[in-house]
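Q: Handing you this structure, nothing more for now.
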Amino acid sequence: MAKIILFGVLDTAELAHFYLTHDSEHEVAAFTVNREYLKDESFKGLPVVAFEDVETLFPPSDYQFFAPMTGRNMNRNREKVYLDAKAKGYTFISYISSKATHFGNEIGENCFILEDNTIQPFTTIGNNVVLWSGNHIGHHGRIDDHVFFTSHVVMSGHCHIGSYSFFGVNSTIRDYLTVAEGTLLGMASALYKDSDPWGVYIGNPPKKLGKPSYETY
Ligand SMILES: CC(C)(COP(=O)(O)OP(=O)(O)OC[C@H]1O[C@@H](n2cnc3c(N)ncnc32)[C@H](O)[C@@H]1OP(=O)(O)O)[C@@H](O)C(=O)NCCC(=O)NCCS
């Protein structure tokens with residue numbers, strides 16, 4: 001059981017508080033946000049403190065950190081908070097729903113893995129990865145750091161997913177693909193071939209959009 005500092009006070013943090021409270025051995029001790037967003041002193045009956053001061057008030061020797069944020073800015077906002085908290089000396093938990101199916105897969109830190117995900121054997125997951133609900137994560141695959149799967153994505157077997165990639169709801173990735181760093185696959189879209197770094201793909205068959213993904217998500 002760890003005492004947890006949760007980053008954020010919006011929907012994702014509220015959900016993380018719910019999941020950790022109802023479906024983990026951990027106890028949320030406080031919330032933290034950047035000082036410029038600090039409005040209320042408490043949330044869910046717990047203190048909210050400035051991220052700038054958090055290590056003084058809740059030292060990394062006594063508390064672990066969890067930053068389950070959205071994929072905004074192609075996961076780089078989430079990466080920044082993760083790295084900043086790491087630089088303060090925190091270690092991280094990962095939350096893996098008791099209603100997810102997995103097989104002792106290697107899963108990194110600060111991952112947020114919700115209900116009804118199936119992670120098949122021999123697939124590894126890096127740090128700071130979100131699997132929202134209901135994804136199929138096929139066998140013999142690899143997911144690098146800072147990746148976001150929304151819901152009901154099918155990642156077929158033997159795929160390698162590059163860092164910062166984002167998969168819209170109901171998207172599909174063919175088996176044996178290498179998905180390059182920063183790929184954005186739109187909702188209900190399908191990837192048939194390896195993607196280009198920071199490419200945005202929509203539709204089925206997919207069309208590559210001409211603008212970089214950080215401008216669209
Ligand atoms: C790919 C995506 C990021 C593009 O967003 P955008 O840059 O704002 O693009 P727009 O909505 O302006 O659409 C641009 C064009 O692409 C089309 N388009 C957008 N997404 C599409 C998709 N997934 N499949 C097919 N066509 C799509 C639009 O109809 C539009 O066509 P038009 O120019 O002929 O009118 C977005 O549509 C998407 O799929 N986001 C993921 C949503 C999601 O899964 N959310 C879950 C949140 S947890």
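Nothing in this text is a laboratory measurement; each read-out follows from the coordinates by a stated rule. As the structure is a prediction and not an experimental result, all values here were calculated from the model. Backbone-built Cβ (ideal geometry, glycine too); neighbour counts: all protein chains shown.
Q: Quote the Stokes-Einstein diffusion coefficient, in whole µm² s⁻¹, for the range 95-217, based on the Kirkwood radius over alpha carbon pairs, a temperature of 37 °C and a viscosity of 0.692 mPa s.
A: 238 µm²/s
Q: For the range 94-207, what does the relative contact order come out to in percent, with C-alpha contacts under 8 Å and a separation of six or more?
A: Contact order relative to length: 15 percent.
Q: Among the aspartates and glutamates, which have Cα under 17 Å from the Cα of Lys99 when same-chain residues fewer than 8 positions away are ignored?
A: Within the straight-line cut-off, Lys99 pairs with Asp23, Glu25, Glu115, Asp116.
Q: On alpha carbon coordinates alone, what is the Rg over Rh value for the chain, Rh being the Kirkwood radius?
A: On the way: Rg = 17.3 Å, Rh = 17.6 Å.
When Rh is taken as the Kirkwood radius, the ratio is 0.99.
Q: Whole angstrom only: what separates the Cα centroid of the range 1-38 from the Cα centroid of the range 126-169?
A: Distance between centres, Cα-based: 23 Å.
Q: Any chance you could give the angle, 0 to 90 degrees and rounded to 10, that helix 76-87 forms with the longest Cα principal axis of the chain?
A: Computed tilt is about 40 degrees.
Q: Something else now. Could you point to the residue in Tyr90, Tyr176, Val28 farthest towards the positive end of the chain's charge dipole, with +1 and -1 charges on the Cβ of Lys/Arg and Asp/Glu respectively?
A: Checked the options; the winner is Tyr176.
Q: Taking Cα atoms of the range 108-156, Rg/Rh with Kirkwood Rh, to two decimals?
A: With Rg and the Kirkwood Rh in hand, the quotient comes to 0.91.
Q: Taking only the Cα atoms of the range 160-203, how large is their convex hull per residue, in Å³?
A: 52 Å³
Q: Taking R0 as 35 Å, what FRET efficiency do you get between Glu27 and Lys207 from their Cβ-Cβ distance, rounded to the nearest 0.05? Don't skip to the end; give the middle numbers.
A: Numbers: r = 48 Å, r/R0 = 1.36.
About 0.15, to the nearest 0.05.
Q: Could you work out the relative contact order of the range 145-212? I mean the mean sequence separation of Cα pairs under 8 Å and 6+ apart, divided by the number of residues, in percent.
A: 24 percent
Q: Quote the FRET efficiency, to the nearest 0.05, computed for Tyr192 versus Tyr214 with a Förster distance R0 of 25 Å and r equal to the Cβ-Cβ distance.
A: The calculated FRET efficiency here is 0.55.
Q: Write out the trypsin sites (Lys or Arg not before Pro) in the range 181-210 meeting two conditions: DSSP loop, and at most 15 other Cβ atoms within 10 Å of their Cβ.
A: Filter output for the range 181-210: Lys193.
Q: Relative to the compact-globule scaling 2.2 N^0.38 Å, provide the ratio for the alpha-carbon radius of gyration of the range 3-63.
A: This ratio for the range 3-63 stands at 1.05.
Q: Moving on to the next point. Give, as ranges by residue number, the residues of the range 26-55 whose backbone N falls under 18 Å from the point 7 Å along Cα→Cβ of Ser61.
A: Backbone N within reach: 54-55.
Q: Which of the residue pairs Lys80/Lys207; Lys39/Lys86; Lys86/Lys207 have a Cα-Cα distance greater than 32 Å in the structure shown? Kindly include the intermediate steps, with their values, before the conclusion.
A: On the way: Lys80/Lys207 30 Å; Lys39/Lys86 25 Å; Lys86/Lys207 38 Å.
Cα-Cα > 32 Å for Lys86/Lys207; rest within.
Q: Would you kindly state how much longer the chain becomes between Asn34 and Glu106 on full extension, computed as 0.36 nm times their sequence separation minus their alpha carbon distance, in nm to one decimal?
A: Numbers: separation 72, 0.36 × 72 = 25.92 nm, distance 3.14 nm.
Separation in residues times 0.36 nm, less the Cα-Cα distance, equals 22.8 nm.
Q: Need the full-extension length gain, Lys99 to Arg72, defined as separation in residues times 0.36 nm minus the C-alpha distance. One decimal, nm.
A: Gain in length upon complete extension: 7.1 nm.
Q: To continue, here is another question. Which GluC sites (Glu not before Pro) from the range 1-67 combine a DSSP loop assignment with at most 10 other Cβ atoms within 10 Å?
A: Taking the range 1-67 and a limit of 10 other Cβ atoms within 10 Å, the loop GluC sites (Glu not before Pro) found are Glu25, Glu41.
Q: Just from its helices, what would the mean residue ellipticity at 222 nm be for the chain, if runs of 4 or more DSSP H residues each count -39500 (n - 2.57) and the sum is divided by every residue, rounded to the nearest 500 deg cm²/dmol? Write down the numbers at each step before the final one.
A: Working: 3 runs with 28 residues, N = 217.
Here the helix-only value at 222 nm equals -3500 deg cm²/dmol.
Q: While we're on this one: Could you tell me the calculated FRET efficiency between Thr124 and Ser42, based on Cβ-Cβ distance and R0 = 30 angstrom, to the nearest 0.05?
A: 0.20
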